[in-house]
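Working notes for the structure below.
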Amino acid sequence: MSSTIPRLEIDGLTVAFGGLTALDDVSFTVGEAETVALIGPNGAGKTTVFNAVCALLRPRSGTIRINGEPAPSSTTGLSARKVSRTLQGLGLFESMSVVENLLVPLSSLDLGAEQRLGKARRTLARLGLAEHARSPVASLPYPERKRVALARALVTDPRLLLLDEPAGGLGSEDIDALAETVRGLAGQGCSVLLVEHHVDFVMEVADRVVVLDFGRVVACGTPDEVRHDPAVEAAYLGLEAAA
Amino acid sequence: MDRLAFLLATGLARGLVIALFALSLVIIWRAARIVNFAQAAMATVAVYVAYAVVTWTGSYWLALVAAVVTGMLVGFAVERWLIRRVPRDNPLPGMIVAIGLVMILHSVIGILFGPRHVPMRAPFSREPLYVGDVAVLSPYDLFVLLLALGIVVALAVLFNRTTLGLQLRAAATAPEVSRLLGIRVPRMVTIGWMLSSAVAAVAVLLLIPTELGLNAHSADILFVHAFTVAVLGGLDSPVGAIVGGVAVGVLITLVTGFLGAGMAPIAVLALLTLVLLVRPGGIFAVKEARAA
Ligand SMILES: Nc1ncnc2c1ncn2[C@@H]1O[C@H](COP(=O)(O)OP(=O)(O)O)[C@@H](O)[C@H]1O
Ligand SMILES: [Mg+2]
């Protein structure tokens with residue numbers, strides 16, 4: 001890591017929904033070109049972390065910094081800060097074509113029409129979707145749609161990418177391809193915060209793993225350290241194994 | 001046969017006016033998930049301004065521009081200062097506010113202009129043109145037809161070929177996702193209202209010369225027909241609004257021509273009932289989940 005300022009720094013983040021404390025004093029960082037996995041059982045608060053970073057909700061307390069500056073207070077500030085995100089579901093515009101889906105995030109950037117289309121086409125080509133550019137999203141099989149969702153997050157050249165369960169519903173071949181794409185992002189200096197249940201995938205791509213349980217960080221370390229942490233086995237991996 | 005050709009051509013012009021108004025309802029529905037029951041009253045306000053402009057300047061074309069501009073302003077004002085403040089967790093408050101707005105606008109028009117119908121002349125003759133000795137449509141009907149088609153094409157280009165259109169569609173189908181992608185969704189909703197009100201204003205402006213004149217209630221029947229059409233076509237479907245509008249316009253004209261004006265509302269109701277029985281979601285309803 002060439003810089004000491006983390007790409008994403010979450011410090012003492014607490015989020016409550018009415019009486020439910022979804023996040024309780026959560027702190028961790030994602031460094032430059034680092035891939036951090038955020039894991040934990042369902043309802044642990046992983047998506048809530050993403051929503052807080054994306055200004056979709058107001059934390060009760062704590063700070064979120066991106067490149068050392070406070071995170072934007074509105075979603076419209078995300079693209080200027082080079083933050084992109086995928087959603088836990090697909091979150092695609094089903095009635096639009098594939099290329100139109102990519103043009104939406106580009107539409108609010110200060111680019112000419114040609115540049116936008118060029119960027120969209122290059123991103124599609126990179127993810128092996130070039131031939132589907134004009135297809136309606138709804139006509140594609142699920143793994144391709146999942147890739148379109150990733151392409152839409154990548155098309156704006158993010159420096160911080162939040163991936164919410166990107167391997168969800170994919171077969172092993174598609175997961176291998178996804179792992180390669182995610183690893184490639186580090187090479188381009190992109191930092192990734194990854195929520196994923198697929199343990200092998202996480203162990204393969206993550207530099208560090210943060211484990212959440214009931215809104216608290218219960219463990220944090222390299223994949224190997226975390227894998228053998230008893231608290232983690234209790235909170236999460238044990239559940240997986242039992243399931 | 002001659003009569004049929006005449007009625008079909010006239011019905012087409014009438015149908016396109018209904019189609020425009022139905023399209024305006026579809027635009028608001030897509031942008032804001034609201035059936036705007038104040039659409040006719042809002043459009044009528046814009047047409048009163050157009051009436052004032054044509055009275056002062058004598059220019060129909062300035063009046064047309066005034067209707068469009070006023071329509072946009074009214075749409076802006078209603079969305080920003082009224083609808084935006086209404087709770088949106090269920091559709092009832094929005095409907096009630098819209099109905100209240102109708103009452104206010106009708107009263108204001110009544111106070112300013114009285115209950116009478118003020119005459120508004122068509123910019124072109126309403127006498128039918130003849131091809132050989134067959135009466136087809138009038139120059140005014142031809143004007144209505146061309147202008148309505150022009151607006152439909154312009155809207156299609158706006159929504160499908162421009163960046164603003166892409167943003168409008170994105171915000172309409174998945175507002176939450178759109179926000180994350182940097183789209184200013186509230187702005188898109190406002191623009192949707194402005195576009196919609198302007199289109200409705202033009203539809204009412206085109207309608208008036210074929211009616212008794214301009215009155216606070218001039219567009220009420222148009223609203224009923226257009227609402228029927230929008231439901232028939234599926235509130236989400238612009239194509240449905242256009243096809244349905246033309247179909248209902250032709251139906252009304254044919255029924256009026258062959259069976260008498262009294263039968264027209266019954267025919268429209270029969271059509272509505274039939275379609276709702278066969279396809280409750282509307283003929284062109286698309287199964288498109290609107291993400292939260
Ligand atoms: N908008 C919300 N309103 C109320 N409760 C919420 C909301 N979003 C999430 N929660 C609750 O917060 C907790 C954490 O949810 P979430 O972050 O989605 O979990 P995860 O992504 O780890 O499965 C859950 O108990 C969930 O029910
Ligand atoms: Mg989640």
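FYI, it's all coordinate maths here, none of it is from the lab. Just so it is clear, the structure is predicted and the values come from calculations on it, not from any experiment. Cβ atoms come from the backbone with ideal geometry, glycine included; neighbour counts cover every protein chain shown.
So if R0 is 60 Å, what FRET efficiency would B:Val224 and A:Arg216 give, r being the distance between their Cβ atoms, rounded to the nearest 0.05?
Numbers: r = 59 Å, r/R0 = 0.98.
With a Förster radius of 60 Å, E is 0.55.
Take each residue of peptide A:49-60, count the partner chain Cβ atoms within 10 Å of its Cβ, and average: the result is 1.
How large is the charge dipole for the protein assembly as shown, taken about the Cα centre, if only the Cβ atoms of Lys, Arg (+1) and Asp, Glu (-1) carry charge, to the nearest 20 debye?
About 1740 debye.
For the range B:39-55, 3J(HN,Hα) computed residue by residue from phi via the Karplus equation (6.51, -1.76, 1.60; θ = phi - 60°) reads 4, 5, 5, 4, 5, 5, 4, 4, 6, 4, 5, 4, 4, 4, 5, 5, 5 Hz, glycine and proline entered as x. Taking chain A as a Gaussian network, Cα atoms linked when under 10 Å apart, which of A:Asp164, A:Asp213, A:Asp176 shows the biggest mean-square fluctuation? Greatest mean-square fluctuation among the candidates belongs to A:Asp176.
Post the alpha-carbon centroid distance, the range A:151-216 to the range A:1-52, in whole angstrom. Measuring centre to centre over Cα atoms gives 15 Å.
Which of rounded, prolate or oblate describes the range B:39-113 when judged by the alpha-carbon gyration tensor and an a/c cut-off of 1.5? Here the range B:39-113 falls in the prolate category. Using the alpha-carbon positions of the protein assembly as shown, Rg (one decimal) and Dmax (whole number) come out as 28.4, 95 Å.
Spin-label pair B:Val69-A:Ser27: with each label point 7 Å from Cα along the Cα-Cβ axis, the two points sit 6.0 nm from one another. Listed values for the range A:202-216 are Karplus-derived 3J(HN,Hα) couplings in whole Hz (6.51 cos²θ - 1.76 cosθ + 1.60, θ = phi - 60°), namely 4, 4, 6, 9, 7, 7, 9, 10, 10, 10, 9, 8, 6, x, 10, and x replaces Gly and Pro.
Compute, for chain B, the length of the dipole vector about the Cα centre, with Cβ point charges of +1 (Lys, Arg) and -1 (Asp, Glu) only. Units Debye, rounded to 20.
Details: 19 positive and 11 negative charges, 185 e Å.
Magnitude of the dipole: close to 900 debye.
Working note: Karplus 6.51/-1.76/1.60 with θ = phi - 60° gives the range A:169-178 the couplings x, 9, x, 5, 5, 5, 5, 4, 5, 4 Hz, where Gly and Pro are set to x.
Helix B:163-173: angle to the longest alpha-carbon principal axis of chain B, degrees 0 to 90, nearest 10? That helix lies at roughly 70 degrees to the long axis. With a cut-off of 11 Å between beta carbons, the residues surrounding A:Ala130 carry a summed charge of +3, where Lys and Arg count +1 and Asp and Glu -1. Going by amide H atoms built from the backbone, whose H comes under 5 Å of the H on A:Ala219, apart from near neighbours? Hits under the 5 Å cutoff: A:Val211. If you take all other residues with their beta carbon under 14 Å from the beta carbon of B:Ala38, and give Lys and Arg +1 and Asp and Glu -1, the sum is -2. For the residues B:Val278, B:Val202, B:Val17, a GNM of chain B with alpha-carbon springs under 10 Å puts the largest fluctuation on B:Val278. Think of chain B as a dipole: +1 on every Lys or Arg Cβ, -1 on every Asp or Glu Cβ, centred on the Cα centre; then among B:Gly213, B:Pro128, B:Ala174, B:Ala174 lies furthest on the positive end. Each peptide in B:208-221, B:163-176, B:94-107 receives the mean, over its residues, of other Cβ atoms within 10 Å, and ordering these scores from highest gives B:163-176, B:208-221, B:94-107. Using only Cα coordinates, the Kirkwood hydrodynamic radius of the range A:62-134 works out to 14.0 Å. When the Cα positions of A:Leu178, B:Val157, B:Ser196 are compared along the charge dipole of the protein assembly as shown, B:Ser196 comes out farthest toward the positive end, with charges on each C-beta of Lys, Arg, Asp and Glu.
Among DSSP bridges having both ends in the protein assembly as shown, what percentage is antiparallel? Round to the nearest 5.
Numbers: 23 of 39 bridges.
Counting DSSP beta bridges with both partners in the protein assembly as shown, the antiparallel share is about 60 percent.
Of the peptides B:50-63, B:255-268, how do they stack up when ordered by the mean number of other Cβ atoms within 10 Å, highest first?
Working: B:50-63: 16.4, B:255-268: 14.4.
Per-residue Cβ counts within 10 Å, averaged per peptide and sorted highest first, yield B:50-63, B:255-268.
Which one of B:Gln39, B:Ala261, B:Leu25 is farthest out on the positive end of the charge dipole of the protein assembly as shown, using unit charges on Cβ (Lys, Arg +1; Asp, Glu -1) and the Cα centre as origin? It is B:Ala261, whose Cα lies furthest towards the positive end. Relative to the longest principal axis of chain A, what angle (0 to 90°, nearest 10) does the C-alpha long axis of helix A:98-107 take? Long axis of A:98-107 versus the principal axis of chain A: about 70 degrees. Taking A:Pro166, A:Pro230, A:Pro72 as the candidate residues, the one with maximal mean-square fluctuation in a Gaussian network model of chain A, Cα springs under 10 Å, is A:Pro230. For chain A, the longest principal axis of the C-alpha atoms and the axis of helix A:142-154 are separated by about 90°. For the range A:116-186, applying the loop criterion from DSSP together with a ceiling of 12 other beta carbons within 10 Å to the trypsin sites (Lys or Arg not before Pro) yields A:Arg134. Relative contact order of the range A:88-157: 48 percent, from C-alpha pairs under 8 Å at least 6 residues apart in sequence. Debye-formula intensities of chain B, expressed as log10 I(q)/I(0) at q = 0.07, 0.08, 0.10, 0.12 Å⁻¹, are -0.26, -0.34, -0.53, -0.77 (one equal scatterer per alpha-carbon, no solvent). Under the simplified labelling scheme, the B:Tyr130-A:Glu180 pair shows an inter-label distance of 7.8 nm, with each label point 7 Å from Cα along Cα→Cβ. Once both labels are positioned 7 Å from their Cα atoms along Cα-to-Cβ, the gap between A:Glu204 and B:Ala261 label points is 7.5 nm.
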